[in-house]
Amino acid sequence: MPKTKKTKIEKPVWLKYTKDKVKEIILKLAEKELTAEKIGLTLRDQYGIPKVKLYNLKISEILKQKNKFKEPTELNLQKKLTKLAEHYKKNKQDKKSERALIITKTKLKKIKDYLIKKEK
């Protein structure tokens, strides 16, 4: 099998933002408490930047440098856990939500343990 070369993605001619300007926009969006995924979607939809990789950047790395990065899986599980907990408080007879609550707590603990282990 022949090896395929990775082609470098070139910046389109119509894209007028500079690397520094994109970093500024990312940090401005991070101030609004947006996650890295939401920032990527906003850059695509509102600013017309199809991919940040065109500038050899990664949104998560920029946010990590400024200590504004939040692990998306942990955030999503936390939101799910609060919704399930509220639902279960109102509906004690709902055994499926009780089980889902237990499973979600376990998943969240596993993710937190993994992230702590990964940092070391």
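The values are calculated or read from the model by the stated rules, or taken from the named source; none is laboratory data. Every value quoted in this text rests on a predicted model; they were computed, and no experiment measured them. Ideal geometry is used to build each Cβ from the backbone, glycine not excepted, and the neighbour counts take in all protein chains shown.
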Subset of the stretch 88-111 (residues that are loosely packed, with under 14 Cβ neighbours inside 10 Å and in contact with an Asp or Glu (Cβ under 9 Å, 6 or more places away or on another chain)): 92
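Could you tell me which residue of the stretch 22-57 is nearest to residue 111 (Cα to Cα), considering only residues that are part of a loop (DSSP other than H, G, I, E, B) and either hydrophobic (A, V, I, L, M, F, W, C) or in contact with a helix residue (DSSP H, G or I) (Cβ under 7 Å, 6 or more places away or on another chain) (or both)?
Let us first name the residues in the stretch 22-57 that are part of a loop (DSSP other than H, G, I, E, B), namely 32-35, 47-51, 56-57.
If we keep only those that are either hydrophobic (A, V, I, L, M, F, W, C) or in contact with a helix residue (DSSP H, G or I) (Cβ under 7 Å, 6 or more places away or on another chain) (or both) as well, we get 34-35, 47, 49-50, 57.
On the way: 34: 21, 35: 17, 47: 33, 49: 31, 50: 30, 57: 26 Å.
So, considering only residues that are part of a loop (DSSP other than H, G, I, E, B) and either hydrophobic (A, V, I, L, M, F, W, C) or in contact with a helix residue (DSSP H, G or I) (Cβ under 7 Å, 6 or more places away or on another chain) (or both), the one nearest to residue 111 (Cα to Cα) is 35.
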Tally of residues being loosely packed, with under 14 Cβ neighbours inside 10 Å and of a type in the set (Val, Ile, Thr) across the stretch 29-79: 1
Every pair of residues 6+ apart whose Cβ atoms lie under 6 Å, when the first sits in the stretch 99-112 and is over 14 Å from residue 86 (Cα atoms) while the second is modelled with pLDDT under 95 and of a type in the set (S, T, N, Q): 111/73
Residues of the stretch 65-113 classified as part of a helix (DSSP H, G or I) and under 17 Å from the mean Cα position of the chain (by Cα), total: 13
